[in-house]
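One structure below.
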Amino acid sequence: MVGYDDIAVFIGLDVGKGEHHAVALDKAGERLFDKPLPNSEARLRALLEPLMDRGRVLLVVDQPATIGALPVAVAQAQGVTVGYLPGLTMRRVADLHPGEAKTDARDALIIAETARTMPHTLRSVDLGDEQVAELTMLCGFDDDLTGEITRVTNRIRGLLTQIHPALERAVGPHLDHPAMVDLLARWGTPAALQKAGKRQVADRLRKRAPRAGARWAETVFTALGEQTVVVAGTDAAGAVIPRLAKQLELLRAQRDDVAEQVEALVEAHPLSPVLTSMPAVGVRTAARLLTEVVGKTFPTAGHLAAYAGLAPVTWRSGSSIRGEHTSRRGNKILKRALFLSAFAALRDPRSRAYYDRKRAQGKTHTQALLALARRRCDVLFAMLRDGAFYDPPTATRPAAA
């Protein structure tokens, strides 16, 4: 971070659910405040107001969202500069301080000392964009729903494998389609499907899968004919599977509702046309870019790539260890969004050509995708820096992602 030469007071805040611990230092490192305080607006204002009389104040938190959102909002309302010390940096800096104790007071002191002596390790915090704040919350809920959908789907497939493996092989691969989930919600056991009959099953499948319904019904009944014995626990599974299928339907409906809200927020954001002008950047990827990149300062494209964990790490020791490896650091949410976007971008001829060149150089599929994601990250940085739309390269310029 830059522009903190005139800071008079450095506050390190180790945030907590019900109580924070604050340590305030002056430029010389003298301790001005060292106490726990409740997570309330009144007490936070009472901390900041007397310290602001000494000059410009910098408040640094170890978590700017969730339990740290209120301190950040109060500080910004007071005109206090806010910074963020990432967790990994915090742990590494902590190793430089004496002692092995893990206490809130020690953590707050380390945050304050880091802000005073190593301000370049901090990141800026800008939560003034209401749309981005809402997107952050909705995207987090969408992640929760996605994880729950995966858990319920795996549970259904596990139960089907237990009672009728052939039926699971017929049904399991299509559980991402609402028609198959609806089928299990109506008839959740082999016996129930047999009793309903092929015609009725096909009619129900065709309601939501007009083109595949008849073929899936044929596959289901072929699988049913492969097993004649009834496995212990089948009756209990018949009570559980329909409930899980209905739960899956509800989770997907909720995710669709969240997606509509996310889309509306993304489209309303002024940077949306810029982001979505890039090939393979849809609503969900744009939402992740807004929540993870907007409001943060990156001097160069390399800084953004390092933040996303896409910058290669050089390993060199003597003559035996040499090479570059993928970084394990960085913002995993942003890295995943850029990686998946790079995978989708393989349909774009220019991105595909870059990917093919990397494969021809001997890189694996994943390595080539990471290289493409890094290339696209550089292009994204330039677009955000200039507020410019994606500009496809011409024949006279080097091919970009």
Helix by helix through the chain, keep the DSSP H runs that span 15 Å or more along the axis on Cα and average at least 0.5 on Kyte-Doolittle, and give those back in order. 332-344
Compute, for the chain, the length of the dipole vector about the Cα centre, with Cβ point charges of +1 (Lys, Arg) and -1 (Asp, Glu) only. Units Debye, rounded to 20. 2040 debye
Quick check on region 326-372: take the gyration tensor over C-alpha atoms, sort the square-rooted eigenvalues as a ≥ b ≥ c, and tell me if it's rounded (a/c under 1.5), prolate or oblate. oblate
Just need the relative contact order of the chain here, percent rounded to a whole number, with Cα pairs under 8 Å and 6+ apart. 12 percent
Rounded to the nearest whole number, the Stokes-Einstein translational diffusion coefficient of region 152-252 at 20 °C and 1.002 mPa s (Kirkwood radius, C-alpha pairs) in µm²/s is 163 µm²/s
Selection from Q78, T146, F298 lying farthest towards where the dipole of the chain points positive, charges on Cβ: T146
Go through K35/K332; K198/K246; K17/K246; K207/K332; K246/K332; K335/K363 and tell me which ones have a Cα-Cα distance over 29 Å in this structure. K35/K332; K17/K246; K207/K332; K246/K332
Give the aspartates and glutamates reachable from K358 as a straight Cα distance under 13 Å; neighbours fewer than 8 places away on the same chain don't count. none
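Quantify how much of the Cα-Cα distance distribution of region 7-128 extends past 17 Å, in percent. Present the calculation step by step, with values, prior to reporting the outcome.
Values: 3599 of 7381 pairs.
The proportion of pairs with Cα distances above 17 Å equals 49 percent.
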Efficiency of FRET between F389 and R359 - r from beta-carbon atoms, R0 35 angstrom, step 0.05: 0.75
Expected sort for D95, D378 with the fewest Cβ neighbours (10 Å cutoff) up front is D95, D378
Applying the gyration tensor rule to the Cα atoms of the chain (axes a ≥ b ≥ c; rounded if a/c under 1.5, else prolate if a/b exceeds b/c, else oblate), the class is prolate
Quick one: of the DSSP bridges fully inside the chain, what percent are antiparallel, nearest 5? 65 percent
Sites R199 and D235 - FRET efficiency at Förster radius 22 Å, r taken between beta-carbons, to 0.05: 0.30
Name the shape class, rounded, prolate or oblate, that the alpha-carbon gyration tensor gives for region 273-386, where a ≥ b ≥ c are the square roots of its eigenvalues, rounded holds for a/c under 1.5, and otherwise prolate holds if a/b is larger than b/c and oblate otherwise. oblate
Computed helical MRE - 222 nm, the chain, DSSP H runs ≥ 4 contributing -39500 (n - 2.57), nearest 500: -18000 deg cm²/dmol
Please give the Cα centre distance for region 172-207 versus region 358-394, rounded to the nearest Å. 44 Å
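Throughout, read-outs are computed from the coordinates displayed, never taken from laboratory work. These numbers come from a predicted model, not from an experiment. Backbone-built Cβ (ideal geometry, glycine too); neighbour counts: all protein chains shown.
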